[in-house]
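*Asks:* Would you mind keeping the following structure in view while I ask a few things?
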Amino acid sequence: MKLPRSWPPRLRRTALWGLATVTVLAVLAGLVAVWAVRRPFPRHGGELTLAGLSAPVTVYRDANGIPQLYAETAEDLFRAQGYVHAQDRFWEMDLRRRVTSGRLAELFGKDLVGSDMFLRTLGWRQVAEAEWALLSPETQRYLTAYADGVNAWIEQTGGSAANARKALQYALLDLRNSGYRVEPWVPVDSLAWLKATAWDLRGNMHEEQNRAVLLAAGLTRAQVAELFPDYPYATHAPAVTGGRIVDGAFDPAAQPGGAAGGAAAGGVPAEDLTAAAGTLGAVSAAVDAVPYLIGGPGTGIGSNAWVVSGALTESGAPILTNDPHLGVSMPGPWYQMGLHCACGYQVAGFTFAGLPGVMIGHNARIAWALTNLGVDATDLYLERIDGDRYQVDGEWRDLRVREETIRVAGGDDVIVRVRQTHRGPLLSPVDDTLGGIAASPPVRLPTAPAGATAGTGDGYAVSLAWTGSEPGRGMDGVLALNQAGDWKEFRAAVALSEAPAQNVLYADADGNIGYQASGRVPVRETGDGEWVSPGWDSTYDWQGQVAFAELPHVLNPPSGRIVSANQPAVGPQYQRLLSGDWPYGYRSDRIHTLLDEAAAAGPISVPDMERMLFDNRSAVAPILVPALLAAAGTAGTVDRGEAAALDLLRGWDFQQPAGGRDSSGTARSAAAAAYFNAAWRRLMSLLFDELPATEPPGGGDRWMHVLRGLLAEPGSSWWDRPGTPQVEGRDAVLALALSEAYTELVDAQGDDPQQWRWGRMHTLTLREPGLGESGIGMVEALFNRGPVETAGGTDAVNANGWYAPYWYGVTEAPSMRMVIDMSDVDNARWIQLTGNSGHAYHPNYADQLDLWRTGRMLPWHWSRPSIVADATHTLVFTP
């Protein structure tokens with residue numbers, strides 16, 4: 001900066017000194033900011049003391065910060081795993097245990113009281129505490145060792161002080177909540193996280209609520225049924241194509257003839273359900289307000305997994321592929337790690353920070369993948385309440401009551417009174433914070449049994465039965481799966497898993513491939529789980545659970561492949577009711593097509609599988625584009641600009657690349673994808689404008705399947721728009737959707753359709769779930785990343801889902817991708833959404849994001865020589 005020469009010398013000297021002082025202060029502030037950001041970065045090299053070890057543990061890290069641990073004993077291995085997880089992700093771990101125990105208000109104040117109330121009502125922490133006693137002594141030892149490792153790190157970073165040595169978030173939190181103290185880690189903190197994963201993948205609870213709200217909005221049951229069509233088994237195959245239960249066990253070879261079993265349909269009578277729909281809507285709002293931990297608020301939660309036998313592969317060995325679709329966050333839900341022990345415990349894969357062991361991955365003998373089974377693991381019951389009593393079969397029973405104290409940062413404690421039936425907790429009324437749920441809906445009870453006593457009629461409430469509310473041995477199952485060596489041991493490990501219910505795909509070094517359904521599946525005597533049940537009728541109670549031996553499984557099917565993309569696990573011949581609400585098989589069908597194409601072109605390779613994972617083909621476009629083109633112009637003259645836009649759809653390959661310089665597809669495909677998805681979004685709004693604002697069409701595969709049926713019915717009442725003088729038909733509504741989409745894109749991206757780009761609309765923003773949601777722009781900018789342009793779309797294999805009512809931003813995505821060739825696990829490939837570090841601005845905070853976004857993957861080393869050769873840092877823990 002130059003000062004005017006006309007200034008007097010003294011003024012010039014004063015100004016120069018002032019400028020110098022400001023410059024120095026700015027530099028110092030910058031240095032302090034850099035120091036504060038870098039202070040919590042973990043040490044990756046040299047030596048560190050870790051109390052309790054019996055021998056040194058070596059940690060090799062590659063350039064992406066992915067650690068591979070080598071120890072002499074299993075206890076040492078898990079102690080070191082706890083320490084390393086805490087080094088990179090302790091803020092995330094601390095936040096997770098606060099969520100699972102309903103203690104977020106202790107960090108963030110009164111705004112989180114409502115969420116804490118609901119989570120205390122669900123009682124995850126109590127279930128986790130009960131699980132501890134059920135676990136094997138070995139698992140208890142490993143959980144304790146893991147907790148000891150976390151606590152060693154806590155002590156080495158200032159003990160209970162929530163300071164900047166632990167994470168930048170604590171330094172900022174201290175400005176608002178200086179009284180917060182970090183508590184020691186205990187094994188139950190780890191177990192509670194399994195409850196969170198089960199909750200986010202709990203099945204059809206949303207659909208159950210949705211049906212009731214739609215009925216209350218004036219739709220008939222027949223109309224509601226049209227919006228929930230049956231699964232198309234004839235065209236979209238289940239994961240296991242045959243088999244039945246024979247003599248108490250599932251037989252994959254059994255002929256599929258005979259009528260399927262399952263519970264009879266039922267539920268609260270229509271007039272009662274209509275009267276109580278306000279109650280159910282409020283419950284739905286309360287559920288949606290609960291923080292999503294690994295899932296998300298949209299409709300795209302799912303996963304892809306497939307395995308092919310060596311008869312189809314280049315290597316002659318099975319290849320296993322997986323990409324769980326979960327909610328997006330910063331950092332992502334997974335932490336990559338390898339665990340190697342001289343004691344024989346050898347496993348590598350994707351872990352959850354806060355839990356010992358590996359959730360998805362491989363050992364020296366087997367590999368496994370997970371997708372959500374989607375069983376109906378929840379039922380909602382409308383309960384008749386009289387004070388602290390509820391009615392069953394004409395008798396009044398006492399509710400179980402407990403009080404919970406919520407401590408609030410900067411505020412007074414809040415007492416929560418949790419009430420529970422024999423089936424589960426009352427979700428209403430908890431508190432006015434949750435919307436005054438079920439205050440007193442005018443419900444009559446035409447099915448109440450003779451002799452029922454009236455009571456004082458305080459009102460009605462909604463209770464929840466959920467398989468995750470029962471304690472189990474899920475952690476035993478995780479650790480046993482890590483060390484399974486063959487199909488028999490694999491199934492024994494999977495049998496210990498209760499919730500969430502999962503499809504587990506399998507491959508081994510001997511060339512076998514397999515599939516096993518896992519988890520608790522309730523047995524219903526009455527009701528099919530699709531409608532809210534009358535709590536006053538005990539015949540709707542669950543009658544135990546489906547035996548593990550009866551759950552679908554298959555080993556080495558004749559086709560040489562198994563595909564699980566959340567479609568039904570087995571066909572309609574299966575005698576047990578798993579669910580009536582399945583994703584509709586568009587992703588699984590596309591994966592089968594891709595496998596057919598790859599097999600026809602030659603033996604399938606690891607690069608083939610990588611390309612399949614990044615397949616961006618729209619599932620709905622082949623159904624809808626011909627109808628859109630046929631309808632174009634029926635509502636009036638199409639101008640030159642609209643004609644150019646329509647030309648994009650002619651000959652489109654239905655791929656949805658982001659566009660731009662690093663796009664995986666052509667500019668024409670990116671432009672066509674932008675136009676089509678805008679038209680699809682507008683069509684959802686125009687076609688289903690009868691639906692209440694609280695239950696808009698999300699645009700997922702259910703809506704695709706509904707549309708497929710409606711396209712064949714041009715005169716259906718759904719095509720007529722309420723409030724307009726004319727009766728619209730199919731073609732008029734389709735033409736209007738195209739016209740509105742064109743106008744939207746011209747306004748947003750200009751009047752040259754060739755320059756439109758899907759990625760400009762379809763962006764991914766990663767938000768840190770704590771301070772990244774603070775509402776303070778400067779604070780959020782420290783932790784959040786994006787937006788970045790993203791390919792794919794809802795129900796593409798590359799399932800970067802978006803929620804049509806909100807816009808085009810990604811709400812769910814492949815949280816990781818992996819490909820494992822069992823001929824040489826050193827040839828495996830992996831990637832995750834963000835990076836291994838949870839420290840903002842660390843080199844490994846978001847270093848995998850661009851690779852993930854553009855469909856690239858990293859080498860996944862297994863043998864020690866390859867790990868050492870790839871290591872950039874070596875850290876040794878000493879006793």
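The values are calculated or read from the model by the stated rules, or taken from the named source; none is laboratory data. Model, not experiment: these values are computed from the prediction. Using ideal geometry, Cβ is built from the backbone for each residue, glycine included, and neighbour counts are taken over all protein chains shown. Ligands, DNA and RNA are excluded from the accessible area calculation, which covers all protein heavy atoms including side chains. Shrake-Rupley method; radii C 1.70, N 1.55, O 1.52, S 1.80 Å.
*Asks:* Which of the residues spanning the stretch 298-312 are touching a strand residue (DSSP E or B) at 6+ places or on another chain (Cβ under 9 Å) and either in a helix (DSSP H, G or I) or more than 28 Å from Asn800 (Cβ to Cβ) (or both)?
*Replies:* Ser309, Gly310, Leu312
*Asks:* Show the residue pairs that are 6+ apart or on different chains and have beta-carbon atoms under 6 Å apart, the first residue being within the stretch 410-425 and in a loop (DSSP other than H, G, I, E, B), the second being modelled with pLDDT of 90 or more and surrounded by fewer than 14 Cβ atoms within 10 Å (Cβ to Cβ).
*Replies:* From the stretch 410-425, the pairs are Asp413/Thr405; Asp413/Arg407.
*Asks:* Does Gln391 qualify as being at pLDDT 90 or above, more than 20 Å from Arg120 (Cβ to Cβ) and in contact with a Lys or Arg (Cβ under 6 Å, 6 or more places away or on another chain)?
*Replies:* Considered against the rule, which asks whether it is at pLDDT 90 or above, more than 20 Å from Arg120 (Cβ to Cβ) and in contact with a Lys or Arg (Cβ under 6 Å, 6 or more places away or on another chain), Gln391 comes out as yes.
*Asks:* Taking the criterion of being closer than 30 Å to Leu833 by Cα and open to solvent by less than 30 Å² (accessible area, probe 1.4 Å), would at least one residue in the stretch 624-643 satisfy it?
*Replies:* no
*Asks:* Within the stretch 80-97, does at least one residue satisfy the condition of being without any contact (Cβ under 8 Å) to a residue 24 or more places away in the chain, in a helix (DSSP H, G or I) and crowded, with 22+ Cβ neighbours inside 10 Å?
*Replies:* Taking every residue of the stretch 80-97 in turn, none turns out to be without any contact (Cβ under 8 Å) to a residue 24 or more places away in the chain, in a helix (DSSP H, G or I) and crowded, with 22+ Cβ neighbours inside 10 Å.
*Asks:* Out of the stretch 345-389, which residues are surrounded by fewer than 24 Cβ atoms within 10 Å (Cβ to Cβ) and at positive phi?
*Replies:* Gly387, the sole residue that qualifies.
*Asks:* Please list, ordered by first then second residue, the pairs with beta carbon atoms under 6 Å, 6 or more apart or interchain, first in the stretch 48-61 and closer than 23 Å to Ala869 by Cα, second at pLDDT 95 or above and aromatic (Phe, Trp, Tyr).
*Replies:* Leu48/Phe877; Val57/Phe877; Thr58/Tyr70
*Asks:* Return the residue satisfying two criteria in turn: it lies in the stretch 797-817 and is touching a helix residue (DSSP H, G or I) at 6+ places or on another chain (Cβ under 6 Å) and not hydrophobic (A, V, I, L, M, F, W, C), and of such residues it is surrounded by the fewest Cβ atoms within 10 Å (Cβ to Cβ).
*Replies:* Tyr808
*Asks:* Consider Trp542 against the criteria (1) under 24 Å from the mean Cα position of the chain (by Cα); (2) touching a residue at least 24 places away in the same chain (Cβ under 8 Å): it satisfies all of them except one. Which criterion is unmet?
*Replies:* (1)
*Asks:* Right, another one. How many residues, within the stretch 171-188, are open to solvent by 10 Å² or more (accessible area, probe 1.4 Å) and in a helix (DSSP H, G or I)?
*Replies:* Number satisfying all stated conditions: 7.
*Asks:* When you scan the stretch 508-525, do you find a residue that is out of contact with any Cys (no Cβ under 7 Å at 6 or more places or on another chain), aliphatic (A, V, I, L, M), open to solvent by 30 Å² or more (accessible area, probe 1.4 Å) and assigned to a loop (DSSP other than H, G, I, E, B), even just one?
*Replies:* Yes, there is a match, as at least one residue in the stretch 508-525 is out of contact with any Cys (no Cβ under 7 Å at 6 or more places or on another chain), aliphatic (A, V, I, L, M), open to solvent by 30 Å² or more (accessible area, probe 1.4 Å) and assigned to a loop (DSSP other than H, G, I, E, B).
*Asks:* Next question. Among the residues of the stretch 782-796, how many are open to solvent by 10 Å² or more (accessible area, probe 1.4 Å) and not in a helix (DSSP H, G or I)?
*Replies:* Residues meeting the conditions: 8.
*Asks:* Taking the stretch 564-585, which residues are more than 12 Å from Ala239 (Cβ to Cβ) and open to solvent by less than 20 Å² (accessible area, probe 1.4 Å)?
*Replies:* Gln573, Ser579, Tyr584 - these are the residues of the stretch 564-585 that are more than 12 Å from Ala239 (Cβ to Cβ) and open to solvent by less than 20 Å² (accessible area, probe 1.4 Å).
*Asks:* For the stretch 541-580, enumerate the residues that are among the charged types (D, E, K, R) and either closer than 25 Å to Lys488 by Cβ or out of contact with any Lys or Arg (no Cβ under 8 Å at 6 or more places or on another chain) (or both).
*Replies:* Glu550, Arg561, Arg576
*Asks:* Among (1) aliphatic (A, V, I, L, M); (2) open to solvent by 60 Å² or more (accessible area, probe 1.4 Å); (3) within 23 Å of Ser329 (Cα to Cα); (4) at pLDDT below 90, where does Ala63 come up short?
*Replies:* With (1) aliphatic (A, V, I, L, M); (2) open to solvent by 60 Å² or more (accessible area, probe 1.4 Å); (3) within 23 Å of Ser329 (Cα to Cα); (4) at pLDDT below 90 applied to Ala63, the lone miss is (4).
*Asks:* Would you confirm, using the coordinates I've provided, whether Gly772 is over 26 Å from Thr371 (Cα atoms), open to solvent by less than 10 Å² (accessible area, probe 1.4 Å) and among the small types (Gly, Ala, Ser)?
*Replies:* yes
*Asks:* Check Trp153, Trp91, Trp132 and return the single one that is within 22 Å of the chain's Cα centre (by Cα) and of a type outside the set (Lys, Arg).
*Replies:* Within the list Trp153, Trp91, Trp132, the selection yields Trp91.
*Asks:* Can you tell me which residue in the stretch 820-857 is surrounded by the fewest Cβ atoms within 10 Å (Cβ to Cβ), limited to those that are in contact with a Gly (Cβ under 8 Å, 6 or more places away or on another chain) and small (Gly, Ala, Ser)?
*Replies:* Residue satisfying both the conditions and the ranking: Ser823.
*Asks:* If you scan the stretch 556-598, which residues turn out to be hydroxyl-bearing (Ser, Thr, Tyr), assigned to a helix (DSSP H, G or I) and over 20 Å from Ser309 (Cβ atoms)?
*Replies:* Tyr586 - this is the single residue of the stretch 556-598 that is hydroxyl-bearing (Ser, Thr, Tyr), assigned to a helix (DSSP H, G or I) and over 20 Å from Ser309 (Cβ atoms).
*Asks:* Just to be sure I understand, how many residues within the stretch 797-829 are touching a Ser or Thr at 6+ places or on another chain (Cβ under 6 Å) and not in a strand (DSSP E or B)?
*Replies:* 5
*Asks:* Restricting attention to the stretch 401-416, and to residues there that are surrounded by fewer than 17 Cβ atoms within 10 Å (Cβ to Cβ) and touching a Lys or Arg at 6+ places or on another chain (Cβ under 7 Å), which single residue is farthest from Asp174 (Cα to Cα)?
*Replies:* Val401
*Asks:* Condition (residue is open to solvent by less than 40 Å² (accessible area, probe 1.4 Å), within 30 Å of Gln502 (Cβ to Cβ) and not in a helix (DSSP H, G or I)) applied to the stretch 644-656: is it met by at least one residue?
*Replies:* The answer is yes, given that some residue of the stretch 644-656 is open to solvent by less than 40 Å² (accessible area, probe 1.4 Å), within 30 Å of Gln502 (Cβ to Cβ) and not in a helix (DSSP H, G or I).
*Asks:* For Asn482, all conditions in the list (1) open to solvent by 20 Å² or more (accessible area, probe 1.4 Å); (2) modelled with pLDDT of 90 or more hold save one; what is the number of the exception?
*Replies:* Of everything listed in (1) open to solvent by 20 Å² or more (accessible area, probe 1.4 Å); (2) modelled with pLDDT of 90 or more, Asn482 misses just condition (1).
*Asks:* If you don't mind, there's one more thing I want to ask. So Arg561 ticks every box in (1) open to solvent by 20 Å² or more (accessible area, probe 1.4 Å); (2) over 26 Å from the mean Cα position of the chain (by Cα) but one. Which box is left unticked?
*Replies:* (2)
*Asks:* Residues that are open to solvent by 10 Å² or more (accessible area, probe 1.4 Å) and on the phi > 0 side of the Ramachandran plot: does the stretch 858-878 have at least one?
*Replies:* No, because not a single residue in the stretch 858-878 is open to solvent by 10 Å² or more (accessible area, probe 1.4 Å) and on the phi > 0 side of the Ramachandran plot.
*Asks:* Another question about this same structure. Only one of Glu470, Glu498, Glu489 is modelled with pLDDT under 95, out of contact with any helix residue (DSSP H, G or I) (no Cβ under 7 Å at 6 or more places or on another chain) and closer than 20 Å to Ser136 by Cα; which?
*Replies:* Within the list Glu470, Glu498, Glu489, the selection yields Glu470.
*Asks:* Shifting gears a bit: Looking only at the stretch 675-702, count every residue that is surrounded by 23 or more Cβ atoms within 10 Å (Cβ to Cβ), out of contact with any Gly (no Cβ under 8 Å at 6 or more places or on another chain) and among the small types (Gly, Ala, Ser) and tell me the total.
*Replies:* 3
*Asks:* When both residues are 6+ apart or on different chains and their Cβ atoms are under 7 Å apart, which pairs have a first residue that lies in the stretch 486-500 and is part of a helix (DSSP H, G or I), and a second that is among the β-branched types (Val, Ile, Thr)?
*Replies:* Phe490/Ile366; Val494/Val504
*Asks:* Taking only pairs six or more apart or across chains, which ones have beta-carbon atoms under 9 Å, a first residue in the stretch 727-747 that is open to solvent by 60 Å² or more (accessible area, probe 1.4 Å) and at pLDDT 95 or above, and a second residue that is in a helix (DSSP H, G or I) and among the hydroxyl-bearing types (Ser, Thr, Tyr)?
*Replies:* Close Cβ pairs (under 9 Å, with a partner that is in a helix (DSSP H, G or I) and among the hydroxyl-bearing types (Ser, Thr, Tyr)) do not exist here.
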